[in-house]
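The values are calculated or read from the model by the stated rules, or taken from the named source; none is laboratory data. Remember, predicted model here, so these are calculated numbers, not experimental data. Cβ sites come from the backbone with ideal geometry, for glycine too, and all protein chains shown count toward neighbours. Quick note on the areas: whole protein, heavy atoms, side chains included, nothing else; ligands and nucleic acids left out. Shrake-Rupley method; radii C 1.70, N 1.55, O 1.52, S 1.80 Å.
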Amino acid sequence: MTSKQRYEPVIGLEVHAQLLTDSKIFCGCRSAYGGVANAQTCPVCLGLPGALPVLNRRAVEYATRTILAVGGRVNPLSIFARKNYFYPDLPKGYQISQYDRPLGAGGTIAITEDGNGISIGLIRIHVEEDAGKSFHPENAGDEDTTLVDMNRCGVPLIEIVSRPDIRSPRQAGLYLTRLRQILEYLEVCSGNMEEGALRCDANVSVRPVGESAFGTRTEVKNMNSIRGVERALAFEIERQTRLLQSGGTVVQETLLWDEKAQTAHPMRSKEESSDYRYFPEPDLLPLRIAPEWIESVRASLPEMPEARARRLVQQYGITTYDASVLTDTRALAEYYEATVRHFADGKKAANWIMTEVLRVIKERGIGIGDFPVKPEALAELLGMVEAGTISGKMAKDIFERMVASGQRASEIVKSEGLEQLSDDGVLIAVIDAVIADNPGQLAKYKAGRAQLLGFFVGETMKRTQGRANPQRVNELLRERLGAPGG
Ligand SMILES: [Zn+2]
């Protein structure tokens, strides 16, 4: 008996990203998500006879931004091609895409796994139009009903094709997370997988460890979250490995992931088409891009996440971990830096945002852009703690009210009289009353029970509804009570 052969997975990802242009790629229809079905359509995107496509310059610019941001090459000449297939949501019977002359080639996505840097190579990034969407209404009363919404026809896409450099479901998840982050920084794609703005297909095969040739691969589709991609890959790797270990062979096919059942099943064969009969799109000229234009796009690229994280560490003295959390999205990094512009302690600001702000955002399921407390308002609150106007504990209560009401900290403090009591005259009056009301405790303290100081501090804090400055209360009590046992 020999031990079972060990296998390693080989994974390549094809990601479709919807570009955030206002209009579609070949016509002037709105490209926004949602809306009344089939309302955002015209003869061009419906593929009516005689309608001619006109290329959206902004879509090419967004694609170019992405190619440059991942270190890819923008081809000065690229060609649009017709990819022919029949499907109900594709009224033209073909999709305008790019084939052997794509807009972008090469580039890499850098990921970090357990502290190790891994570089995933890219084969190409090309531009294409999206197809429509068919769906099966649950309440139609008839299981066989299929409706088609053409609003998505002609929404601009880029397809980002990785090399088969990925070796585990986890690496695939890290790759998608980083890619989504890059697209968000570039402001070219919302990255929303639930809405289909970012979609991933995976090519996966397994091979004996030590082997360099690839095994037969399958394609897995229909995952709509990064976790879903990881689960689908784990399932498929397991299935292929077991198959090979038991002496079987992997059949090249396309599988659909079923998130509910946590299983993948083969697509019905009629849904598959192996021969797209690509040919150059006769209604669009070859796309020629001037080097100066490419350079102007390059010059307009924002600071990318890794560079920004490094700068935040240097500029504000925060940890590498904090910087990686705060640069997770460009919007969060902007929020942090806007806060620090009004409140100079970068570490304290980082702590507050990473605990209080991110907690509320997670609870409410909103983005930082919709967070009701603006950076200036948060900075004001932190400044009041720093100045001793309010205690740190009280600041958390006031923060909750700011979130709920949208009021500023200074307004809440003023209207409710929440300023920290630091006036000695007021504090001494309260302290003396506490001492006078507790002669028994005073006697014990005088007899040597030093820990009773805490009792007097607590009483004083209670009588001031927590507004007394605890440090000052301590000092004043020691003065008034004298030494224990004295
Ligand atoms: Zn249209």
When you go through (1) open to solvent by 10 Å² or more (accessible area, probe 1.4 Å); (2) away from the ligand (no atom under 16 Å from the Cβ) one by one for GLY50, which number turns out not to apply? (2)
Does any residue of the range 5-25 turn out to be of a type in the set (S, T, N, Q), over 29 Å from the mean Cα position of the chain (by Cα) and either assigned to a strand (DSSP E or B) or within 30 Å of PRO169 (Cβ to Cβ) (or both)? yes
When the range 18-62 is checked residue by residue, the ones that are among the charged types (D, E, K, R) and in contact with a Cys (Cβ under 8 Å, 6 or more places away or on another chain) are LYS24
Residue tally, condition assigned to a helix (DSSP H, G or I), open to solvent by less than 50 Å² (accessible area, probe 1.4 Å) and not polar (S, T, N, Q), over the range 163-173: 3
Taking the range 1-40 as the search range and keeping residues that are open to solvent by 30 Å² or more (accessible area, probe 1.4 Å) and basic (Lys, Arg), which one is farthest from the ligand (Cβ to nearest atom)? LYS4
Among the residues of the range 53-75 satisfying the criterion of being touching a Leu at 6+ places or on another chain (Cβ under 9 Å) and open to solvent by 40 Å² or more (accessible area, probe 1.4 Å), which is nearest to the ligand (Cβ to nearest atom)? VAL54
Answer yes or no: is there a residue in the range 460-473 that is open to solvent by 30 Å² or more (accessible area, probe 1.4 Å) and modelled with pLDDT of 90 or more. no
I'd like to know if the range 73-94 contains one or more residues that are within 28 Å of the chain's Cα centre (by Cα) and either assigned to a strand (DSSP E or B) or in contact (Cβ under 8 Å) with a residue 24 or more places away in the chain (or both). yes
PRO88 meets each of (1) touching a helix residue (DSSP H, G or I) at 6+ places or on another chain (Cβ under 7 Å); (2) of a type outside the set (A, V, I, L, M, F, W, C); (3) open to solvent by 40 Å² or more (accessible area, probe 1.4 Å) with one exception, condition (1)
With criteria (1) open to solvent by 60 Å² or more (accessible area, probe 1.4 Å); (2) in a strand (DSSP E or B); (3) in contact with a Ser or Thr (Cβ under 8 Å, 6 or more places away or on another chain), LEU255 comes up short on (1)
MET394: touching a residue at least 60 places away in the same chain (Cβ under 8 Å), open to solvent by less than 40 Å² (accessible area, probe 1.4 Å) and not polar (S, T, N, Q), yes or no? yes
Filtering the range 418-434 down to residues that are out of contact with any Phe, Trp or Tyr (no Cβ under 7 Å at 6 or more places or on another chain) and over 17 Å from ALA387 (Cβ atoms) yields ASP424, GLY425, VAL426, LEU427, ILE428, ALA429, VAL430, ILE431, ASP432, ALA433
